[in-house]
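Below: one structure, written as structure tokens.
The values are calculated or read from the model by the stated rules, or taken from the named source; none is laboratory data. Only a predicted model underlies this, so the values are computations on that prediction, with no experimental measurement involved. A quick note on method: Cβ atoms are made from the backbone with ideal geometry, for glycine too, and the neighbour counts reach across all protein chains shown. To get the accessible areas, we keep the full protein, side chains included, count just its heavy atoms, and leave off ligands, DNA and RNA. Shrake-Rupley method; radii C 1.70, N 1.55, O 1.52, S 1.80 Å.
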Amino acid sequence: MKTNIVFFCAAVVAFCFAAIRREPSAHPSATLTAVADSIDKETGLALDPNFMIVKAQCTSCHSPKLILQHRFTRDEWLSKIRWMQRNHKLWDLGESEKTVLDYLAKHYAPSQSAYSRREALRNVKWYKLEK
Amino acid sequence: MNSHIHNRRGFLKKSALTTLAGMVGTEIVFAKNMPPHHVPLAFDEGLAGKHPDMVVLSDKPWNVETPPHLLDDAITPVERMFIRNNGLIPEEKIDPSAWTLTIKGESVKQTKTYKISDLKAKFKTYTYQLVLECGGNGRSGYVPQTSGNQWDQGAVSCAEWTGVRLKDILNDVGLKDDAVYIGYYGKDLHPSRDPSKVVISRGVPIKKALEEETLIAWALNGKDLPLMHGFPLRLVVGGWPASVSGKWLHTIAVRNKEHDGAKMDGHSYRVPRQTVMPGEKLAETPENFRIIESMPVKSLITFPKTGAMLDAGKSLALRGHAWAGDVAVKEVMTSIDYGSTWQKATLNAAKNRLAWQQWSAQLSFPQKGYYEVWARAIDTNGVSQPMVIPAWNPGGYLNNACHRIAVKVV
């Protein structure tokens, strides 16, 4: 556990710099937008009262972008936690597990858009072709 | 690397800590507990030498993709080459003169270890242009969404790799008759920083391992491998998911059974043996999932960049690449009317087997308006790219749907 704390602290510092180095941004093809009113500048994660617990539990081993890239149901998020516990030495989240799941299910749930085999091209930045 | 921020015992220098504190806006309270030689990401050279328009999907571990228009070169420059790491890049100082490659396993006649200088002296050197494409390239197109990096279409490259043939090394070591698979081991670090855990250890059947183009490479586009791409030594296996091309390579095991290393199991780099309904759950057993081997036929439009506005009456010179895993591309077609009609593009032969092929087309448009320009490649087996997203699978692999760009004639 002590080792975990050490690595956690080092990792929190490390990911702060990652955020400074490049603004976290959604993937350009993502059709998904966060529902939060405000976004943490360092991590790109939605700000709410549970944010600090999520930041502490989830970004010690991996980039916050791994959360930002995904939209899952509560059960699917739980299965990701179990998978990380099985394969990636994630610790038992204890009472924070519910908090983390509440947060993920609230901010990073699947969108309701209809299934599309090929959606319209989005966010095209038009430019004059000179050649 | 980065020794200017570490003192002689490998701990961060006080001046570096002051910089860190300034950037974080707080004291680095647990600095003395940081592992020796740990390099905070602020000083990490992860994106050093990369084009500023590369898209970062994750910075821990590093996963970075290339927008299609930046892949216009026939030989992908390092600055435009995607990065797919499962773990953290090795933090130890790498001395290429001391680096060794060990060949071992149930199916070798002897265990043998080579220095890089031995490989260069003992075996003939070859250079090939080889397509490396992440098995999950295109994952973001699958609905419902699947876990993993949400690659758009840019987790692919075709660069020039130099090294020795794995078959020559294996011949020198001597194989037993029961050899069926190889598995690689590299020096990347598990994201949990547990040195006893293997990040990824994949491989290919012995037949693929013995192909002429399967290289143990030390050079990329004529220069030493960059650290991010496996310095000082890596396996390069063109045409298959790039995860079989292990980086920071130190050991190859020749196995008498299918390799069982990390990320060979579950649904890692596997697809259902029988196709499933999108979103369907399937027990992750070898009975249900097969290992992905050759990558499917695919093409990219690399010029112009999407969003081109063109004066009415002018024609459009379009170009790109096409590739098809273990086989070649027979034909590339383009369409400006959503696939109602197709025009045949000019297609060049590959520089060598497993390299991508350049294609080009001259398009004219009947009137002003919004167009999507689509490209579709067909391989030598007559298999085409689909226009729609292909079979959904739990890992989100093998999306080889046609690439298209938006064009406005004004």
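The peptide list B:403-410, A:82-89, A:41-48, put in order of mean Cβ contacts within 10 Å with the highest first, becomes B:403-410, A:41-48, A:82-89. For B:Val271, nonlocal amide neighbours, meaning residues 5 or more places apart or on other chains whose placed amide H falls under 5 Å from its own, are B:Arg290, B:Ile292.
Computed from point charges on the beta carbon alone (+1 for Lys and Arg, -1 for Asp and Glu), the dipole magnitude for segment B:100-291 about its Cα centre is near 420 Debye.
Output the peptides B:58-67, B:348-357 sorted from most to least packed, where packing is the average of other Cβ atoms within 10 Å over each peptide's residues. Working shown, then result.
Numbers: B:58-67: 23.3, B:348-357: 19.7.
Top to bottom by mean Cβ count within 10 Å: B:58-67, B:348-357.
Using a probe of 1.4 Å, the accessible surface attributed to A:Phe72 totals some 10 Å² when neighbouring protein chains are kept in position.
Among the listed pairs B:Lys207/B:Lys257; B:Lys109/B:Lys187; B:Lys208/B:Lys247; B:Lys197/B:Lys247; B:Lys122/B:Lys247, give every one whose C-alpha distance is greater than 20 Å.
B:Lys109/B:Lys187; B:Lys122/B:Lys247
For B:Thr251, nonlocal amide neighbours, meaning residues 5 or more places apart or on other chains whose placed amide H falls under 5 Å from its own, are B:Thr102, B:Tyr185. Take the alpha carbon gyration tensor of segment B:100-291, find the square roots of its eigenvalues, order them as a ≥ b ≥ c, and report rounded if a/c is under 1.5; if not, report prolate when a/b exceeds b/c, else oblate. Since a/c reaches 1.5 and a/b is larger than b/c, the shape of segment B:100-291 is classed as prolate.
When chain B is described by a simple charge dipole with +1 on each Lys and Arg Cβ and -1 on each Asp and Glu Cβ, the residue from B:Asn256, B:Asn400, B:Gly279 located farthest towards its positive end is B:Asn256. The lysines within cross-link reach of A:Lys98, meaning a Cα-to-Cα straight distance under 16 Å and a gap of 8 or more places when in the same chain, are A:Lys55, A:Lys80, A:Lys106.
Around B:Lys257, under 12 Å between beta carbons, what's the net of Lys plus Arg minus Asp minus Glu among the other residues?
Spelling it out: positives minus negatives among the neighbours equals -3.
Computed about its Cα centre, the charge dipole of chain B is approximately 560 debye, with only Lys, Arg, Asp and Glu carrying charge at their Cβ. Peptides B:240-248, B:194-202 ranked from most to least packed give B:240-248, B:194-202, packing being the mean of other C-beta atoms within 10 angstrom over each peptide's residues. Counts of other chain beta carbons within 10 angstrom of each beta carbon in peptide B:183-194 average 3. Enumerate the residues in segment B:300-314 having an amide nitrogen under 20 Å from the point lying 7 Å beyond the Cα of B:Val383 toward its Cβ. In segment B:300-314, the label zone of B:Val383 (backbone N under 20 Å from the point 7 Å along Cα→Cβ) covers B:300. Placing +1 on the Cβ of every Lys and Arg and -1 on the Cβ of every Asp and Glu, with nothing else charged, gives segment B:291-398 a dipole about its Cα centre of roughly 280 debye.
Peptide B:59-66 has a mean of 5 when you count, residue by residue, the C-beta atoms of other protein chains within 10 Å of its C-beta. Remark: segment B:104-121, residue by residue, has Karplus-estimated 3J(HN,Hα) of 8, x, 4, 10, 9, 6, 7, 8, 9, 10, 10, 7, 4, 5, 5, 4, 5, 7 Hz, where x stands for each Gly or Pro and the curve is 6.51 cos²θ - 1.76 cosθ + 1.60 at θ = phi - 60°. Which shape class applies to segment B:332-410: rounded if a/c is under 1.5, otherwise prolate when a/b exceeds b/c and oblate if not, where a ≥ b ≥ c are the square roots of the Cα gyration tensor eigenvalues? Oblate shape, in that a/c is at least 1.5 and b/c is the bigger or equal ratio. Helix content alone sets the calculated 222 nm mean residue ellipticity of chain B: runs of n ≥ 4 DSSP H residues at -39500 (n - 2.57) each, divided across all residues, give -2000 deg cm²/dmol.
Look at the stretch A:60-71: the mean tally of other chain Cβ atoms within 10 Å of its residues' Cβ atoms is 6.
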